[in-house]
Each structure stands twice: as structure tokens, then as C-alpha cells.
1. Considering only segment 177-206, how many residues are under 27 Å from Pro117 (Cα atoms) and either among the basic types (Lys, Arg) or surrounded by fewer than 19 Cβ atoms within 10 Å (Cβ to Cβ) (or both)?
2. Being under 17 Å from Trp216 (Cα atoms), among the charged types (D, E, K, R) and surrounded by fewer than 18 Cβ atoms within 10 Å (Cβ to Cβ) is the filter here; which residues of segment 144-167 pass it?
3. What helices (runs of 4 or more DSSP H) completely inside segment 334-431 contain at least 3 residues that are over 24 Å from Ile530 (Cα atoms), in contact (Cβ under 8 Å) with a residue 60 or more places away in the chain and not assigned by TED's automatic domain parsing to the domain that holds Asn474?
4. When the residues of segment 286-319 are narrowed to those that are out of contact with any Gly (no Cβ under 6 Å at 6 or more places or on another chain) and among the hydroxyl-bearing types (Ser, Thr, Tyr), which ends up surrounded by the most Cβ atoms within 10 Å (Cβ to Cβ)?
5. Within segment 172-285, which strands (runs of 3 or more DSSP E) (wholly inside it) include 1 or more residues that are closer than 24 Å to Gly299 by Cβ, without any contact (Cβ under 8 Å) to a residue 60 or more places away in the chain and small (Gly, Ala, Ser)?
6. Please work out if Thr249 is at pLDDT 95 or above, among the polar types (S, T, N, Q) and either touching a His at 6+ places or on another chain (Cβ under 8 Å) or outside the structural domain of Ala371 (by TED's automatic domain parsing) (or both).
7. For segment 464-478, state whether one or more residues are β-branched (Val, Ile, Thr), under 15 Å from Pro440 (Cα atoms), touching a Phe, Trp or Tyr at 6+ places or on another chain (Cβ under 7 Å) and assigned to a loop (DSSP other than H, G, I, E, B).
8. Which residue pairs have Cβ atoms closer than 6 Å, lie 6 or more positions apart in sequence or on different chains, and pair a first residue in segment 463-476 that is modelled with pLDDT of 80 or more with a second residue that is among the small types (Gly, Ala, Ser)?
Amino acid sequence: MKLIIFLCICITSQCFGQNPDSLYLNFTKAYDSLNAESIANLYLENAEVLNLYDGEKSSSMKGKVEVQKYYKEFFERFKSNDQKLKLTFKIVTREKVGENILDNGFYQLEFITQNMPSFFTFGKFSTVLEFENDIWKFKTDATTNTDFVEYENSVESKIPERDEPLFSEFYDNLLGNYISDDGQLIVIGRSLYRLYAYYEKTGEYRALNKVNATTWTIGKTIISNEIQQTYKFSSNKIEIYDNDKLVNTATKKQLYKSSKVTYANVNGIKIGGTLFVPNQSNGKAIVLVHGSGPQDRNGYASIIRLLADILSRDGTTVLTYDKQGIGQSEGNWASENFAELAQDAIAGIDFLKSNKELSLSKIGIGGSSQAGWIIAKAIEKRQDIDFALTIGAAGSGIPVVEQNIYNTEVVLKCDGSFSKKQIENIITQQKYFFYFLSNPKQSDKLDKFTKSIEKDEKIRDWLFPTSKQMDLNNRNQWFTALEVNFDPLPVWKKYDNPVLMIFSEFDDSTPASKVKSKVDNLKKKNIRTIILPNAQHIGLENDSVCVSNIGGLSKFQKDFFKEMKIWIKSL
């Protein structure tokens, strides 16, 4: 239904004295709190509201009283189910009409249910604003529905300003392999918030910058605002432009089959994932596990998606999945310990085993960074896992405590502005913090030492909480949820199936040489450890441990993917 005509505008709020955007911001806050009275107070006494949605009965309201009644009933449905709403506006046109303002725009409404995937709707609106008692209020308000593309293609700033995850129902259709006219393979992946492009021939890697739903730009490094080329997606093709000149076209090719799947873990929590099935299978499969933080099935910087693509094209079946509470998975990853996170990966292994059509002979587990501890916990639980692959994983040989101290020390030394004594104080305080976590009755060392150094403003932000600032019963904190003293080395000592541990020379998160040495001292013939020269935490080419941000990097280390493929073929 096309009801709104967009007019020529004066889009900046400076045209109207007091910023009218505050009216929309307060509207979103009322949605956040499900407060019907707050909504009604944003309208004039004689306001008129009209809702016209395809497939639904239209509704209209006249006056604040009817508006409040409508929203009270509307919000009550969500309150009773312990749901939340998150509303985002985009003002596309703004015009002065006499003493009033005419706005046209789009909105996105997210329906949030605890421990469940979110649901989204999109709409368009036309409103008239009137200035009353020194504030803007709605005089008329007409809304109808639209689709994601129309909402996304409006490039105006959002109210409120916030990052929005990529809408998977649309953007997942852009992912996959594209062959350019000059024969280059381009792999398009995504993270939660942006698309990525990998160039197979050169190993170059780029994050794409969104212009609108189908137009993205790339720069000279992974993350760059400089526009080197523009990518326009349409009908299974990418048109590649230098400035405004079309210089190449890439056509999408199906080099493996991928499908969205759902399985349940041991506690019945539903996990959403993607199954990658090669055109010619080598009989092996791997479940890829996440690093730290809120990650979906594609992983940080799309590294999981890229691994899945490369391995499946090489004959290996791959299962990726969303962390609990992210994407299409139920649950809450933030309160899970390593053993509980491992249950999701184990359930993925069992899901693959149950699929007899895949004809798999070996099923393993792999991942990068924090995944090392999760993989170790999975193996501790299930010795029948056929092989394991870890990348930049401190969990290959040391506890979280040692990894965290190493990372802090690297960052402080690379910063260059901290004195030796300041670094020593920060590290000591963090060590006392971890000691307290294991010995809650021994809080004196942490609290007294923190008090003795906290007057130093430069180091204050680096200090961990004191005992009085912590609730050890709150599982929604990384230091209470995770088993920070879990030592994975005994697990690897008992495990006899093949393992490949890839470390990097310039890893700022994992002390590569230290962990490799610990593992090598186990003298396990089934475990192969390698340190890639000139590489950082997730295998990107780098020449310094002090370059931790991937934005200025440009490509993967030349042997990173090759080592994995050769090793898996040898199994």
C-alpha cells in the first residue's frame, strides 16, 4: 500500500528552532518502557491517528484519550509475555507547512522475547507536528507497512542513533561465491553488522561499507572509509565500479550447498545454524565454535563464515551456529560457562551424526580464540570427537587468567605511555582480582592493593572491581560465568585423536610461543603445533604484536588456510 508522497524538504533541524527529532526520540523511549501515558502525552488533545496495514483491519484514533487507550491495550500484550519493543525512526523528508512541520519517513520495530530470536516489522509514516507550549507534538499521524529494502535504502540517520545488526532474511541471500569476468573468486560473507569480501587469488580481505541495502563500498585496507571501489548487488551478480565506471562484473556460483538448520542442545534449547555441504564430500565434517562476545554463525569479522566456505569448497562438511540469544538461537550466551557453551557444539556434532544422508566418516570440532577452551571442554565431555582444530587459542594450553594477564601487558607496553611501575601495579591488581575469584574469603589483598593505587587516574580504567563492587552470584559477567582457572592442558594430554593448533607470531591475545611450548612438552604425536610467521590473532598478515586492530590490515597470511586444508585431507 503506497500512501505517502515524499516532498522536497528542509531536512536539518536548524530550520525549526527547537529540534523536532526529540519528539521521535521520546516516542522510542515510551516504547522501550511500554508506557502508554508517555505516548499519549506526545500528541495534541485533538490529534488524529490512522493505521493502515496490508492484510489487517485499519484503525483510527481521535484525541489523546483514545491514543492512550489504544497503546495501553497494545503494550499490555507484551507486558504479559515479558516482551520488549525497540523502535527506530528514519526521517526522510521534513517540510515547513505554515507554523507546522510535515515529516515523512520509515520505522523499524523489533519484538524482543527473552532468550528467543527477535522478530522485525517495517513501516512508513507521515506526521504533522505542531508547536505547543514550547514543545513539538503530533497533530496527525498516519502509518502503513513497508518492506526491509525500502527501510534500509533510506540512508538518513536513525532516531535514536544505534548500530543495527544486518537483517539476515535479506543479507544472507547475498552471501556466497562470485566469479568475476576476469576469473577471480570473490567470497562474500558477513558479521552481525557488515558484509566482508575475500579474494581467493590474493588473500586480500575487506569489510564493506554500507551505502544502502544493495550498494556497498570497499577501501584499501580491511576497514577504511576511503572508497576504492563500489559493489552493487543485483540478481545474483555484483557490478564493480571505480568511481562511476563499471569495471567488472561477478556472477554468483554455487560451489557447495548451504541450508539453514535448527537443532536442540542437551537442555532442549534450540540452536540455529547453517549446514555447508560440499559438492564432492571427503567424508569429513567439522563444527565451528565461536570466540568471545556476542557472535552469530558467521563469527567475528565473518571468520567462521569464511572458514566454512573455504573448507566446504575443499570437500569438508561444515556446521556453523549462532551463539545462544544471538540470531536464531534461543538462550543466553552471557551466563554460560565453557562447559555449557561446549554443549551447543556437542549437540552440533550429534546433529551431524544423525544425518545419515551426509555419509560422514569423521566429525571434528574447531574454532579460534576463546573457542580453544570450549573445544577442550567438549573433548573433556566427549572423547569420541574425531579431530580438533584450534586457531590462535590460548585454550590450547593455558587458563583464562594467564591469557588475560598477557593481553593486558601487551596492550600497556604497546601503548608506550605507561611507566614500568604503572604496568606492574595494573598486572598485580588483576592477579589479586583473579585470586579473589577463586578465594572469595581472601578479599583483603585485592581491596587494600586497589585502594593503594587507585588515586593514579591514568591506570584507574585498567583496574578490575574490588570485592565490594562485585556480585559473585551474578552469572552475566565474564569473570563469573567463565571458568577462568580452567587448565586445558590435562585434556589435551588425554586426547589421542588428531589435533592441529595454529598460532601466530604477532598474536596480542595469546602468548603463542608459551602455549606452543607447553603443548609440545606433552610429547603427543597426535598434536601438531605451528606458529605462522607475520600473522596476528585470527591469521591476518601482520608485522607487529602492537597492531591489534584489524582495520589497517589487508590480507590473510599466505599459509593460514592452506595448512588447515592439507591437514584435514591427511586425516
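1. Summing the residues that are under 27 Å from Pro117 (Cα atoms) and either among the basic types (Lys, Arg) or surrounded by fewer than 19 Cβ atoms within 10 Å (Cβ to Cβ) (or both) in segment 177-206 gives 3.
2. Those that are under 17 Å from Trp216 (Cα atoms), among the charged types (D, E, K, R) and surrounded by fewer than 18 Cβ atoms within 10 Å (Cβ to Cβ): Glu150, Glu156, Asp163, Glu164.
3. Filter on segment 334-431 gives 338-354.
4. Across segment 286-319, the extreme among qualifying residues is Thr316.
5. Result: 195-199, 256-264.
6. yes
7. no
8. Matching pairs, first to second residue: Ser467/Ser443.
The values are calculated or read from the model by the stated rules, or taken from the named source; none is laboratory data. Quick caveat: nothing in here was measured; it's all calculated off a predicted structure. Virtual Cβ from ideal backbone geometry, glycine too; neighbours counted across all protein chains shown.
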